[in-house]
Amino acid sequence: MRVYVVDSYGELSAKAALIVAGQVAFKADSVLGLCTGSTPVGMYKELSAMHQKQGLDFSRVITFNLDEYYGLAPDNIQSYHYFMKKNLFDHVNIKQENIHIPDGLAADIDAECDRYEEAIQKAGGIDLQVLGIGRNGHIGFNEPAAKFSAATFLTELDEDTIKANARFFASPGEVPTCAITMGIKTIMQAKKILLLANGPEKAEAVRNAVKGDIDPYVPASILQLHSDCTFIIDREAAKYL
Ligand code: PGA
């Protein structure tokens, strides 16, 4: 595990975008695993600018998002479908058919999870997976007490996650309580992993993930076992390292 500590959110976003752009430049048909939340917004802005100003080409890129809220339609403004459109896909030349996000409205959840796993395999596996980290150490929606052997599945959200994500909703009661998420096994199968974290509220989770025991109660700690994992974190998130 490599840990880079940077001075600002701007530097974190620029460095993360350079890593993703490098992956795409190196392999035009890269399979990218993408995340949502506040953390990657700056990286997506940088990538959009790289496309618009420098011609970074997404025409052959394939993407798989980590997760989607259960019960939200793609055009719901709280959905991760909508988030990705607004923050990245509307600004780059990615093909619609190359975008994959779990279907939060799937009637047959098990079939949807199997379909998602199969699509990842069929694409050749994820070349680079970008992750955020929850205050509780979650990655994707693999909440504390995570099953390390899990593939894509329907999970209940942790109380702390509902509280943290309530800032995006009118009230905490509106936050969906379940989501479809890639499992830890899916994430660990990515060839490279890039985790981003900023701000003091992530410091404890980052310390536990980097320096603690590998523990299902700190799902991100499993990343210690990945052979090509990079953390980019700002000084505040690094304060307990
Ligand atoms: P955030 O979410 O980027 O909004 O802090 C990260 C996460 O919960 O994984």
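The values are calculated or read from the model by the stated rules, or taken from the named source; none is laboratory data. Note that this is a predicted model, so its numbers are computed, not measured. Virtual Cβ from ideal backbone geometry, glycine too; neighbours counted across all protein chains shown. Protein only, heavy atoms only, side chains kept; ligands, DNA and RNA dropped before computing areas. Shrake-Rupley method; radii C 1.70, N 1.55, O 1.52, S 1.80 Å.
Taking residues in region 1-25 that are touching a residue at least 60 places away in the same chain (Cβ under 8 Å) and farther than 18 Å from K192 by Cα, and partners anywhere that are buried (at least 16 other Cβ atoms within 10 Å of the Cβ) and among the polar types (S, T, N, Q), the pairs with Cβ atoms closer than 6 Å and at least 6 places apart or on different chains are Y9/N198. When I162, I101 are screened for being away from the ligand (no atom under 15 Å from the Cβ) and closer than 22 Å to L196 by Cα, only I101 passes. In the condition set (1) closer than 17 Å to F169 by Cβ; (2) in contact with a helix residue (DSSP H, G or I) (Cβ under 6 Å, 6 or more places away or on another chain); (3) open to solvent by 30 Å² or more (accessible area, probe 1.4 Å), F83 is compliant with all but (2). May I ask you to verify whether R207 is closer than 19 Å to S38 by Cβ and either at pLDDT 95 or above or not small (G, A, S) (or both)? Here the answer is no, as R207 does not meet what is asked. The residues listed here are I126, I120, I94, I101; of these, the one that is within 30 Å of Q52 (Cβ to Cβ) and in contact with a Pro (Cβ under 9 Å, 6 or more places away or on another chain) is I101.
In region 192-232, which residue that is of a type in the set (D, E, K, R) and within 14 Å of the ligand (Cβ to nearest atom) is nearest to L128 (Cα to Cα)? Spell out how you get there, then give the answer.
To start, the set of residues in region 192-232 that are of a type in the set (D, E, K, R) comprises 192, 201-202, 204, 207, 211, 213, 215, 228.
Applying the additional criterion that residues be within 14 Å of the ligand (Cβ to nearest atom) yields 201-202, 204.
Details: E201: 26, K202: 22, E204: 25 Å.
Top of the filtered list is K202.
Taken together, the residues in region 213-225 that are of a type outside the set (A, V, I, L, M, F, W, C) and farther than 14 Å from P144 by Cα amount to 1.
Kindly provide the set of residues from region 115-160 that are assigned to a helix (DSSP H, G or I) and either in contact (Cβ under 8 Å) with a residue 24 or more places away in the chain or surrounded by 15 or more Cβ atoms within 10 Å (Cβ to Cβ) (or both), ordered by number. R115, Y116, E117, A119, I120, D160, listed by residue number.
Return the residues of region 49-65 that are under 26 Å from A119 (Cβ atoms), outside any strand (DSSP E or B) and open to solvent by 10 Å² or more (accessible area, probe 1.4 Å); say none if nothing qualifies. Within region 49-65, H51, L56, D57, S59, R60 qualify.
Going by the structure shown, is D29 surrounded by fewer than 15 Cβ atoms within 10 Å (Cβ to Cβ), of a type in the set (D, E) and touching a Gly at 6+ places or on another chain (Cβ under 9 Å)? Break it down into steps so the answer makes sense when it comes.
Details: surrounded by fewer than 15 Cβ atoms within 10 Å (Cβ to Cβ): yes; of a type in the set (D, E): yes; touching a Gly at 6+ places or on another chain (Cβ under 9 Å): yes.
It is true that D29 is surrounded by fewer than 15 Cβ atoms within 10 Å (Cβ to Cβ), of a type in the set (D, E) and touching a Gly at 6+ places or on another chain (Cβ under 9 Å).
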